[in-house]
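A short worksheet on the structure shown next.
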Amino acid sequence: MSQANKDIALRWVKEVWNEGRLEVIDELHSKDYVRHHDSDGGAGREHYKAHAANVLNVIPDSHCRVEHVIAEGDLVMLRLITTGTHQGRYGDIEPTGRPLKFQAVEILRIVDGKIVESWHSYDRLSLLAQMGAAESIQFADASTTAEL
């Protein structure tokens, strides 16, 4: 089962995210699919299609490279590196034309060959910094030792 679920997850990355084929969502996701996300989680295929269309509008040339795939039972975890160009509005941030590169972790729960639930986390701070929206954030120097 784990290999079959891995194959579904890899097809999802390739066809939905790298090829922009949103119609594949109907085939790969269950009717009662639920997406857990800190900013716009929701239920149903149509909700997910709208989310994917929005992301692909922001980064129309996006490409997800799969770095790791781990599967156990009905869960598949993917660590992805996404690259592309900021070409669409992201919240209040106008398109900058800047290149983007960020990582994400996706956990998919797959039952009877369908994605029924997912959890998504990505490096939002890095993404905002690359868009020029987090330039004033100061990062600690990892080589210094804090006094306790």
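Once the Cα atoms are used to define both axes, helix 45-58 deviates from the longest principal axis of the chain by about 40 degrees.
Taking Ala134, Ala104, Ala71 in turn, the Gaussian network model of the chain (Cα-Cα springs below 10 Å) assigns the largest fluctuation to Ala134.
At 1.4 Å probe size, with every protein chain present, just tell me what the per residue accessible area of the chain comes to in Å².
Numbers: 8400 Å² over 148 residues.
Per-residue value: 57 Å².
Rounded to the nearest 10 degrees, the angle from helix 2-11 to the longest Cα principal axis of the chain is 60 degrees.
Largest first and in whole Å, what are the equivalent-ellipsoid semi-axes of the chain based on the Cα gyration tensor, each being the root of 5 times an eigenvalue? Spell out each step's value before the answer.
On the way: eigenvalues 167, 79, 37 Å².
Gyration-tensor ellipsoid for the chain: 29, 20, 14 Å.
When the chain is fully extended, how far beyond the present Cα-Cα distance does Leu125 get from Ala4, taking 0.36 nm per residue of separation? It would help to have the intermediate numbers written out before the result.
Working: separation 121, 0.36 × 121 = 43.56 nm, distance 3.38 nm.
Once the chain is fully extended between Leu125 and Ala4, it gains 40.2 nm.
About its Cα centre, how strong a charge dipole does the chain have in debye, to the nearest 20, once Lys and Arg get +1 and Asp and Glu get -1 at the Cβ?
Its charge dipole is roughly 300 debye.
How high is the relative contact order of region 50-138, given as a whole-number percent (alpha carbon pairs under 8 Å, six or more residues apart)?
On the way: 159 pairs, mean separation 19.6, N = 89.
Reported relative contact order: 22 percent.
For Glu46 and Arg79, the difference between the fully extended length at 0.36 nm per residue and the C-alpha to C-alpha distance is 9.4 nm.
Kindly state, to the nearest 0.05, the FRET efficiency for Glu19 paired with Thr96, given R0 = 41 Å and r defined as their beta-carbon distance. Mind showing how you got there, number by number?
Numbers: r = 25 Å, r/R0 = 0.60.
My answer for the efficiency is 0.95.
The values are calculated or read from the model by the stated rules, or taken from the named source; none is laboratory data. Because the structure is predicted, anything quoted here is derived from the model rather than measured. Using ideal geometry, Cβ is built from the backbone for each residue, glycine included, and neighbour counts are taken over all protein chains shown. These area figures cover heavy atoms from the full protein model, side chains too; ligands, DNA and RNA do not enter into them. Shrake-Rupley method; radii C 1.70, N 1.55, O 1.52, S 1.80 Å.
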